[in-house]
Each structure stands twice: as C-alpha cells, then as structure tokens.
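A.B. asks: This structure is in structure tokens; I'll ask about it shortly.
The values are calculated or read from the model by the stated rules, or taken from the named source; none is laboratory data. For clarity, every value in this text was computed on a predicted model and none was experimentally measured. Methodologically, a virtual Cβ is constructed for each residue, glycine included, from the backbone with ideal geometry; neighbour enumeration extends over all protein chains shown. For the accessible areas, the whole protein counts, side chains as well, though only heavy atoms, and no ligand, DNA or RNA atoms are used. Shrake-Rupley method; radii C 1.70, N 1.55, O 1.52, S 1.80 Å.
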Number of protein chains: 2
Amino acid sequence: MTTETLNIREMCDAFHVTPRTLRFYESKELLFPVREGQRRLFTKRDRARLKLILRGKRFGFSLEEIRQLLDLYHMNDGQEAQLSKTYKLAERHLSDMEAQKAELEEAISELKEQINWCADKLSQMSKEKTVAA
Amino acid sequence: MTTETLNIREMCDAFHVTPRTLRFYESKELLFPVREGQRRLFTKRDRARLKLILRGKRFGFSLEEIRQLLDLYHMNDGQEAQLSKTYKLAERHLSDMEAQKAELEEAISELKEQINWCADKLSQMSKEKTVAA
DNA sequence: CGTTCCGTTTACGTCAACGTCAGCTTTGCT
DNA sequence: AGCAAAGCTGACGTTGACGTAAACGGAACG
C-alpha cells in the first residue's frame, strides 16, 4: 500500500520546501499535520493544501490571503454567514486573477516583441562581423 | 506644450506611488531622474521604466530581476556580449511568464468550480430556510 | 551502551521593499 | 523679510516569510 501519510522529510522532498517552511505554515494554521508522538505526519489533505499554498504564492498572494482561500477549498460544514463571506472573498480573488491574466498576456506579447528586436539586432551584428572579416 | 518632465509630486500622482518609493528606485538604479538643482525631474524614459517596474512587481519579479529586464527595453548601444546575455535572461523570463499563465488559467478554472459549488450550497441553504418557514 | 540521525521547540537573525522621522535647503507667496 | 510648503539626505523602524543556531528527545545501529 502506498504511504498514506508523509513524514516531514518526505513532504519536503515531495514539494521542494524546507522543514522550517512546513513548521512555519503549521504555526500559521495553513497546514494541520497529525502527530505520532511528537512527530508530524502530513495527510493527503495537507498535500492538497500545500499544493494550493505554493500556487497562491506564485501569484503573489500573501499567506494570510491564501489561508482564507483554503477555507473555501476545504469547506464542508460552514455556517451560512461564514460561507457567504468566503464566497465573496473568492469572487474578489477570481477577478484579481483574471485581471492578472489579461495583464500577463499583454506583458508576454510586449516581451516577445523586445526579444525579436533583440534577435534581429544580434543577427545583424554577426552579419557585420562576417562582412568585416 | 504638455510637460516634458514631471516633478516628484506629479510623478507620484501619475503612478500612485510615494516619493519614498521613487527615491528608493533611484537608489537601486531603476530610475534615473535628471536634476534641476537638487530636485528630481522624471523624464519620459523614467515614466516608461516605472510602468514596467510596476507591472513586473505584479508578476512577482524582484526589483533586481526587473532592473536586469529593463536593460533589455532600453538597450540601444549595448555591446554584443551584454546584449546576448540580456537576450537569454529575457527568454528565461518569457518562459517563466508563459508557465505562469498556464498555471494561472488552471487556478482560475478551479477557483470557478469552487465558487459554483459554493453558490449551489448557498442557494440550497436559502431554500431550506424557506421550506422550514 | 554510546553515538549518530531525525525530529522537535524556542528564539534570535535576515532580506526585500519600503515607511517614518529628523534636520536641513530651496522656493513661492505675502 | 518672514514663513509655510515641497524636496532633499541620512538613518532607523517595520512586515512577511522564512533561515539558522542551540538544546533536547527518541530510535536505530554497530
């Protein structure tokens, strides 16, 4: 049977993070590893959460923002008020992300242009060299 | 004639940043305002650079990474070695950004799913309330 | 049975990206 | 001339997200 839970070392290797990072995330209530004695064991749920945490970070969300969003992904029994609050938060994040996507697309096309200009310049320079030789 | 250069206050208003930020960027060699006496005057070039800086920041690039990329956008007279170095850097950033875009799209669609699930749950709850009444 | 790994807690250190404050010119206005 | 507003230069403070080091516990191995 494939390991149901990971110890800290396995978890680190699986996600390329340090033990310090995992303990830190636990202290911030982003992860909730169970304990075997005093050692941490990371469950499937922790792995799903960590994946989302790392993704969120890549998009520039703070750990606190991510923590709130994680509630949405792991909500089963929320009260209506809480649920509706999280819902609104998620909608804001969604529109943030869509704006980000539009901007990203613009930035990509501009960067491509610059790269082409750059490539032209380089090929031009190598040509001149050949001619000079 | 429309102002050719902006003083620090105008520059701040135009980009919604603080004077401290502009001085900080200058100290990090991201901006190069000219001086009129001891006061800074921001040129068109500075405005173009600041726009790119702020964009880069939104995508999670560090100021140092951005500084290197700016070299690409304002390169006219670079030596071949330098140009080719910057070119490679730009290509790495481009592929970073394209990977980021793909991930962002995935994240968006997942978040949308969750939001729909959430909306269902909420409408279901309000229905139950109505029935109970 | 010693020691060598893991792992744990506690606590202080660090780095980026500014914020904030003090003290000093310079400029514009009256 | 007087004075407030705007800018300048240090210099120290702050926040988020960890790094790093010290000191300890258990278990596994020769």
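A.B. asks: Taking Cα atoms, how many degrees apart are the long axis of helix A:80-132 and the longest axis of chain A, rounded to 10 and kept between 0 and 90?
C.D. replies: 20 degrees
A.B. asks: Using a simple spin-label model with points 7 Å from Cα along the Cα→Cβ vector, what separation in nm is obtained for A:HIS74 and A:ARG35?
C.D. replies: It works out to 1.7 nm between the two label points.
A.B. asks: Next up: Grab the beta carbon distance between B:LEU122 and A:ASP96, set R0 = 22 Å, and tell me the FRET efficiency rounded to 0.05.
C.D. replies: Approximately 0.55, to the nearest 0.05.
A.B. asks: Further question: Using a 1.4 Å probe on the protein chains only, how many percent of the accessible area of segment B:1-61 belongs to carbon and sulfur?
C.D. replies: Within segment B:1-61, the accessible surface is 51 percent carbon and sulfur.
A.B. asks: From largest accessible area down, sort A:GLU64, A:GLU103; use a 1.4 Å probe on the protein chains.
C.D. replies: My answer, sorted largest first, is A:GLU64, A:GLU103.
A.B. asks: Let me ask something else about it. Over chain A, average the accessible area per residue using a 1.4 Å probe and give it in Å², no decimals.
C.D. replies: For chain A, the solvent-accessible area averages 62 Å² per residue.
A.B. asks: Please work out the FRET efficiency for the pair A:GLU103 and B:ILE8, using the Cβ-Cβ distance as r and a Förster radius of 35 Å; give the result to the nearest 0.05.
C.D. replies: That pair, A:GLU103 with B:ILE8, gives E of 0.85.
A.B. asks: Another question, if that's okay. Run through the other copies and list how far each one's label point is from that of B:LYS28, in nm with one decimal, shortest first; the point sits 7 Å from Cα along Cα-Cβ.
C.D. replies: 2.0
A.B. asks: Same structure again: Among the listed pairs A:LYS44/A:LYS88; A:LYS28/A:LYS101; A:LYS112/B:LYS101; A:LYS101/B:LYS51; A:LYS112/B:LYS88; B:LYS101/B:LYS121, which have their C-alpha atoms separated by more than 19 angstrom in this model?
C.D. replies: Going by Cα-Cα distance, A:LYS44/A:LYS88; A:LYS28/A:LYS101; B:LYS101/B:LYS121 fall outside the 19 Å limit.
A.B. asks: Can you give me the angle between helix B:44-58 and the longest principal axis of chain B, using Cα atoms only, in degrees from 0 to 90, rounded to the nearest 10?
C.D. replies: Between helix and principal axis, roughly 30 degrees.
A.B. asks: Can I ask one more? Which is farthest toward the positive dipole end of chain A among A:ALA102, A:LEU31, A:ILE53, measuring Cα position about the Cα centre, with Cβ charges +1 (Lys, Arg) and -1 (Asp, Glu)?
C.D. replies: Value computed over the given set: A:LEU31.
A.B. asks: Let me ask you something else. What total accessible surface area, summed over both chains, is buried at the interface between chains A and B, computed with a 1.4 Å probe and given in Å² to the nearest 100?
C.D. replies: 4200 Å²
A.B. asks: In debye, nearest 20: dipole of the protein assembly as shown around its Cα centre with unit charges on the Cβ of K, R (+) and D, E (-)?
C.D. replies: Using Cβ point charges on Lys, Arg, Asp and Glu, the protein assembly as shown gives about 780 debye.
A.B. asks: Between B:SER27 and B:ARG55, what's the calculated FRET efficiency when r is the beta-carbon distance and R0 is 22 Å? Round to 0.05.
C.D. replies: Computed FRET efficiency for B:SER27 and B:ARG55: 0.60.
A.B. asks: Assume the label is 7 Å from Cα along Cα to beta carbon: what separations in nm does B:GLN82 have to the matching positions in the other copies?
C.D. replies: Copy-to-copy label distances for B:GLN82: 5.9 nm.
A.B. asks: Can you pull the mean other chain C-beta count within 10 Å for peptide B:81-94?
C.D. replies: The mean count of partner-chain Cβ atoms within 10 Å per residue comes to 3.
A.B. asks: In addition: To the nearest 20 debye, what charge dipole does segment B:8-133 have about its Cα centre, counting +1 at the Cβ of each Lys and Arg and -1 at the Cβ of each Asp and Glu?
C.D. replies: Using Cβ point charges on Lys, Arg, Asp and Glu, segment B:8-133 gives about 740 debye.
A.B. asks: At 7 angstrom along the Cα-to-beta-carbon line, where would the label on B:ASN7 sit relative to the other copies? Give the distances in nm, shortest first.
C.D. replies: From this label point to the equivalent ones elsewhere in the assembly: 6.7 nm.
A.B. asks: In debye, nearest 20, what is the charge dipole magnitude of segment A:75-133 about its Cα centre with +1 on Lys and Arg Cβ and -1 on Asp and Glu Cβ, if you could check?
C.D. replies: Here segment A:75-133 has a charge dipole of around 320 debye.
A.B. asks: Relative to the first principal axis of the alpha-carbon coordinates of chain B, what is the inclination of helix B:63-73, with its axis defined by its Cα atoms, in degrees from 0 to 90 and to the nearest 10?
C.D. replies: 60 degrees
A.B. asks: Whose Cβ in chain A comes nearest the axis that rotates A onto B, and by how many Å?
C.D. replies: A:GLY60, 3
A.B. asks: Let me ask another. Taking +1 at the Cβ of each Lys and Arg and -1 at the Cβ of each Asp and Glu, which of B:SER126, B:THR86, B:ILE66 sits farthest along the dipole of segment B:30-133 towards its positive end, judged by Cα position relative to the Cα centre?
C.D. replies: Towards the positive end, the residue furthest out is B:ILE66.
A.B. asks: Next up: Between segment A:28-57 and segment B:3-41, what is the C-alpha centre distance in whole Å?
C.D. replies: So the two Cα centres are separated by 45 Å.
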